[in-house]
Amino acid sequence: MTARVSVFERPATQRGTGGYGVTLRSIRKEFGSSVAVENLDLDVRPGEFLTLLGPSGCGKTTTLNMIAGFLTPDGGQILLDGQDVHQLPPDRRDTAMVFQQYALFPHLTVGQNVGYGLRMRKRPKEEIRQRVAEALERVGLAGHEDRLPSQLSGGQQQRVALARAIVVQPKVLLFDEPLSNLDLKLREQLRLEIRHLQRELGTTSIFVTHDQTEALVMSDRIAVMRAGRIDQLDTPEKIYREPANAFVAGFVGQSNLISGVCMEAGADRCTVQLPTSDFVYARHTGTVTKGDDVRVLLRPEALRLGGESAATSLTGQVVEVVNEGSIATVVVDIAQDIRLRVTVSDPAAMSLPVPGELTTVSIPPGAARALPTD
Ligand SMILES: Nc1ncnc2c1ncn2[C@@H]1O[C@H](COP(=O)(O)OP(=O)(O)OP(=O)(O)O)[C@@H](O)[C@H]1O
Ligand SMILES: [Mg+2]
């Protein structure tokens, strides 16, 4: 008697590294006269969960489609596991894609949809049956083989699409905004499920989204894209704490960004003068020099109401107070063009100011970061 071996089982030495590394070298794609992706370099590590995050039209889908082989780059190289895949059609790249619109065959059952790739690969019937059942179990849809897609909810259809992608045991999973069509609760749940599944399988994953929370919650690393280029590639924590520029800071997380001029600069600290003539002592990552115009990033949760013991405090009029119970946001007009949002983490423990009142916002040491203006 042979023990039933899971089709997802890999030798212990390979577990957690079941995916290929993906390398993009100076990848370029143009549509007519417009450049969708511009000399983009990217190294995705084997088994990594990497997110391409950026606003609509920045080239995320185009990049993904070139990795999958649906689009041919106009320049540059794509390497999967170190091999140039220029000549390989999509079905020979060991990649599988999950789309926003699920893209299931409506007239095929769930089982037939999930098994489609295996039938194309001419796997034996019994193996297909077993692998389909196991993939469905992995996505929480055990026993749903005989349903039609129309008999499933949106969330269930996306689970079927996920099962269809993992059943062929790809070395790289590609996700193009797979959760965008789902409501918030389901999205939050599926984020975690996809992440757990990816960790278990160890498949390299490239996930496209314009939802910063999704990117922060799911990723090992995030590539923040703008206009066909990568502005910053880092861990979620670094992207949030040490954004490379004002665009990244504004795109990821809540932010107050104030213009200023760098008066003195050390290796990682600088003094910035604000338009109010106040000075702020700010951190930077070596990108700021004396005389530069800069943007000062102040995260709302790092600011405090009241003026005690802060290096810098600014006074202004409260224009809005939104109390959500567990947190509150207070918006203060400091000067023309300087409006600060301050997050209060335990509003019940203090008396919140009211609109119209004058209040002081203090910037604790280490809270400010000076960024290049671009
Ligand atoms: N087939 C095409 N023909 C012409 N232009 C295209 C084509 N596909 C994409 N583009 C353009 O290339 C740019 C990048 O598009 P892409 O679909 O990669 O953006 P995206 O980051 O995925 O955006 P979204 O978040 O809206 O999905 C856009 O300016 C888009 O209009
Ligand atoms: Mg897209």
For the range 301-368, fraction of C-alpha pairs farther apart than 19 Å, in %: 25
Cα-based equivalent ellipsoid, the range 75-136: semi-axes from gyration tensor eigenvalues, Å: 27, 15, 10
On the full set of protein chains, 1.4 Å probe, figure out the accessible area of H196 and give it in Å² to the nearest 10. 110
Cα gyration tensor shape for the range 197-253, rounded if a/c is under 1.5, else prolate or oblate: prolate
Can you pull the Kirkwood radius for the chain, inverse mean 1/r over Cα pairs, to one decimal in Å? 23.3
Roughly speaking, to the nearest percent, how much of the range 255-372's 1.4 Å accessible area is carbon and sulfur? 47
Between R45 and S351, what is 0.36 nm times their sequence separation minus the Cα-Cα distance? Round to one decimal in nm. 105.2 nm
Tell me which aspartates and glutamates have Cα within less than 14 Å of K290's Cα, excluding those fewer than 8 residues away on the same chain? E264, D268
Roughly how much of F49 is accessible, in Å² to the nearest 10, using a 1.4 Å probe? 0
Using the Cβ atoms and a cut-off under 10 Å, what net charge is assigned to the surroundings of D94, where Lys and Arg are +1 and Asp and Glu are -1? +1
Could you state the number of Å between the C-alpha centres of the range 152-214 and the range 339-374? 37
What net charge is computed for the residues neighbouring E320, neighbours being all others with C-beta under 11 Å from the C-beta of E320, Lys and Arg scored +1, Asp and Glu -1? +1
Excluding ligands, DNA and RNA, what is the solvent-accessible area per residue of the chain at a probe of 1.4 Å, expressed in Å²? 48
Under a 1.4 Å probe, counting only protein heavy atoms, T63 has an accessible area in Å², nearest 10, of 0
Label points 7 Å out from Cα along the Cβ direction at N181 and A103: separation in nm? 1.2
Under unit Cβ charges (Lys, Arg +1; Asp, Glu -1), what dipole magnitude, rounded to 20 debye, does the chain have relative to its Cα centre? 1440
Show log10 I(q)/I(0) for the range 255-372 at q = 0.13 Å⁻¹, two decimals, from a solvent-free Debye sum over equal Cα scatterers. -0.48
In the range 141-180, carbon and sulfur make up what percent of the accessible area (probe 1.4 Å)? 43
DSSP-defined antiparallel bridges as percent of all bridges, the chain, nearest 5: 75
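The values are calculated or read from the model by the stated rules, or taken from the named source; none is laboratory data. It should be emphasised that the depicted structure is a prediction, and the values quoted were computed from it without experimental measurement. Don't worry about glycine lacking a Cβ; one is built from the backbone with ideal geometry, like all the others, and counts go over all protein chains shown. Ligands, DNA and RNA are excluded from the accessible area calculation, which covers all protein heavy atoms including side chains. Shrake-Rupley method; radii C 1.70, N 1.55, O 1.52, S 1.80 Å.
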